[in-house]
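The values are calculated or read from the model by the stated rules, or taken from the named source; none is laboratory data. Note that this is a predicted model, so its numbers are computed, not measured. Glycine also receives a Cβ, built like all others from the backbone with ideal geometry; neighbour counts cover every protein chain displayed.
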Amino acid sequence: MKTDDLITMLAQDAAPTPAAPLARRTGYGLAVGFAVALGLFLAVLGPRPGLGGLMLDPVVLAKTLLPLALFALALRLGLRSVRPGRAPGRTAWVIWAVPALTAALFVWAFAVTPAETRMVDFLGHSIPVCLPAINLMSLPILAGLIAALRRGAPVDPQKAGALAGLAAAGLATALYSTFCTEDSPLFYSVWYSVGIAITTALGAVAGSRWLRW
C-alpha cells in the first residue's frame, strides 16, 4: 500500500467526534457550579428581608452590580485566554473600570461618613461570615469553569485560571450581596475585594495545575 493511500484511509476512518463548543461547555459548567452555590446560599443564608426596596438605593445596588460586571468581563477574558491567537481586546481595559468605581465609592463613603463612625462601618459585624461565604460559594463555580476551560488551549494556564477564579468570585459575591446587610462602601468595597482576591489566587493555582496541555 502506498503511503499516500494509507494516510488518506487513516484520515477517513479516524475522524474524531466533534467536541461541544467551548462556550457551550462553559455554560454547562457555569450552570452546574452556580446551581450548587445557589443551593448553599439558600440553605444557609438566603436573601435579606426587603431586598427589592433596598436596591432602589444606588449605593446598595452597587454591591451587586459591580461584582456582576466583574463576573461578565472576567468570563469573557477567560474564554479568550484559552483560545490561542485570540486577543483580549477592549475587555482587558474595560474590566479595570470595576476596581476604579469600587475605589471611587470607598473614597466617597470615607468623605461623607462622620469620622467617629468610619472604623465601625469599615469593620462592620460580618467579616467572619463574609469572607468564608464568598469563597465557599465561589468554589463550585470555579470548579465548573476549570472543567470547561480544560477543553481549550491556554497559552498561560495560570492567567486563565486566575480569570476563572475572578469570574467565579464575582458571581458568588453578587449572590452573597443579596444577603449582606453591610451597606457602606467602606465595608463592601474592601472586604468583598479581599474575598474575590482569595478566589482569584486559588484559580491561578488551579489553572497552573489543571489547564496545562
* Inspect segment 69-81 for any residue being free of Cβ contacts under 8 Å to residues at least 24 places away in the same chain, in a helix (DSSP H, G or I), surrounded by fewer than 21 Cβ atoms within 10 Å (Cβ to Cβ) and out of contact with any Gly (no Cβ under 9 Å at 6 or more places or on another chain) and give the result as yes or no. => no
* Asked: For segment 103-213, which helices (runs of 4 or more DSSP H) that fit wholly inside it have 2 or more residues that are within 24 Å of LEU42 (Cα to Cα)?
  -> 127-149, 157-177, 185-210
* Asked: Any idea which of (1) of a type in the set (Gly, Ala, Ser); (2) surrounded by 24 or more Cβ atoms within 10 Å (Cβ to Cβ); (3) at pLDDT 95 or above is the one ALA143 doesn't satisfy?
  -> (2)
* Asked: What tally of residues in segment 184-213 results from selecting those that are surrounded by fewer than 18 Cβ atoms within 10 Å (Cβ to Cβ) and not aliphatic (A, V, I, L, M)?
  -> 5
* Flag if VAL205 is free of Cβ contacts under 8 Å to residues at least 12 places away in the same chain and either more than 20 Å from VAL98 (Cβ to Cβ) or aliphatic (A, V, I, L, M) (or both) -> no
* Could you say whether any residue in segment 156-168 is within 30 Å of VAL120 (Cα to Cα), surrounded by 23 or more Cβ atoms within 10 Å (Cβ to Cβ) and out of contact with any Gly (no Cβ under 8 Å at 6 or more places or on another chain)? -> no
